[in-house]
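Values in this text are rule-based calculations from the coordinates and carry no lab data. Since this is a predicted model, take the numbers as computed values, not measurements. Cβ placement follows ideal geometry from the backbone for every residue including glycine, while neighbour counts extend to all protein chains displayed.
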Amino acid sequence: MSIPVVEFRNVSHRFNVGTPREFLAVEDLNFSIEDVPERGEFIAVLGPSGCGKSTMLNLISGFRGFVPPTQGEVLVFGKAVEGPGPDRGMVFQKYSSFPHLSVLDNVRFGLRLAHRKAASDDARAMEWIEKVGLSGHEHKYPRQLSGGQQQRVALARSLVLEPRIILMDEPFSALDEPTRIDMQRLLLDLWHDVQATVFLVTHSIAEAVYLGDRVWLFTRAPGRLALEIQKEIPATRGSDPLEAQERPDFKEAVQLVAQEFNRLTQPAKATDG
């Protein structure tokens with residue numbers, strides 16, 4: 001039996017423990033993601049703001065001043081998460097390029113995080129700059145790039161080590177719609193290349209349906225994984241994003257997810273006592 005890529009065992013997590021601002025972000029998360037050979041799996045996560053989606057990603061990534069969950073275990077390839085590692089890459093909503101570094105140096109930084117200093121690092125960084133469509137921009141600085149280009153840099157920096165797990169926290173939410181569509185196309189191409197397990201947090205139901213093999217729906221805080229919708233992949237991914245949106249099966253999938261999302265996230269109705 002293979003070891004799961006990611007496993008949550010009875011995970012709950014609180015912030016500001018022991019203070020008046022203490023709150024429960026996620027509660028009783030249980031799931032196990034198996035490796036899908038030669039393809040990986042793409043999980044799109046939807047939920048209202050503040051429901052713990054980003055907390056879940058951070059518990060997997062080990063980034064941002066990581067602390068283990070208040071309760072339960074988070075395992076990556078069978079080992080408890082204790083901090084970041086080269087097997088996990090993270091892409092954030094806000095542009096995270098270092099402003100004082102060129103595109104090339106930003107991408108090389110991903111290699112340095114893994115304590116690599118190989119003669120092939122420059123060639124590897126340039127290969128990923130080309131893959132994300134930024135050839136000719138490698139000596140530019142973030143201030144000289146558009147928002148979409150900056151997210152391409154973030155993708156290259158996160159994927160240059162070809163991690164087994166890619167964590168994405170609303171990476172395209174600040175982009176205009178045409179750029180967002182371009183980034184969705186690019187992400188699928190890169191995913192097919194690295195064959196990793198992807199967790200994508202998004203507020204766009206259409207984006208979740210187009211990109212995800214599975215769509216997860218979280219409740220209001222404290223976040224719980226309330227529903228998983230497994231999709232027929234050809235129904236939503238067999239064409240360009242713009243073409244897919246016009247297909248009846250895509251529209252039906254979006255409608256189904258939207259109905260379930262609204263049902264799960266509506267505030268509880270007050271009852272007469």
task = Give the angle, between 0 and 90 degrees and rounded to the nearest 10, that separates the Cα long axis of helix 177-194 from the longest principal axis of the Cα atoms of the chain.
result = 80
note = Along the dipole axis of region 109-228 (charges at Cβ: +1 for Lys and Arg, -1 for Asp and Glu; origin at the Cα centre), the most positive-end residue among Val198, Leu113, Val209 is Leu113
message = Taking the Cα centre as origin and putting +1 on Lys and Arg beta-carbons and -1 on Asp and Glu beta-carbons, what dipole magnitude results for region 73-190, to the nearest 20 debye?
response = 280
key: Share antiparallel - DSSP beta bridges, region 164-261, percent rounded to 5   = 50
query = Using the beta-carbon distance between Ser2 and Gln266 and R0 = 25 Å, what value does 1/(1 + (r/R0)^6) give for FRET efficiency, to the nearest 0.05?
reply = 0.05
message = Given axes a ≥ b ≥ c from the Cα gyration tensor, I'd like to know whether region 137-199 is rounded (a/c under 1.5), prolate (a/b larger than b/c) or oblate.
response = oblate
note = The rounded separation in angstrom of the Cα centers of region 72-94 and region 30-52 is 13
inquiry  = Run the paramagnetic zone check for Phe109: 7 angstrom along Cα to Cβ, then residues of region 41-64 with backbone nitrogen under 15 Å.
reply    = 64
remark   = Scoring the chain by relative contact order with C-alpha pairs under 8 Å, at least six apart, yields a percentage of 24
ask   = When ranked by the protection proxy of mean other Cβ atoms within 10 Å per residue, highest first, what sequence do the peptides 183-190, 194-201 form?
value = 194-201, 183-190
key: Using a Förster distance of 35 Å, the FRET efficiency for Asp87-Arg14 (Cβ separation, nearest 0.05)   = 0.85
task = Could you count how many Lys pairs in region 6-265 have their Cα atoms under 27 Å apart, skipping same-chain pairs fewer than 8 positions apart?
result = 11
query = Roughly how big is region 135-207's charge dipole about its Cα centre, with Cβ charges of +1 (Lys, Arg) and -1 (Asp, Glu), in debye to the nearest 20?
reply = 240
ask   = Under unit Cβ charges (Lys, Arg +1; Asp, Glu -1), what dipole magnitude, rounded to 20 debye, does the chain have relative to its Cα centre?
value = 860
task = Could you tell me what percent of the DSSP beta bridges with both partners in region 6-265 are antiparallel, to the nearest 5?
result = 50
inquiry  = Can you show me the helix-derived [θ] at 222 nm for the chain, built from DSSP H runs with n ≥ 4 at -39,500 (n - 2.57) apiece and divided by the number of residues, rounded to the nearest 500.
reply    = -10500 deg cm²/dmol
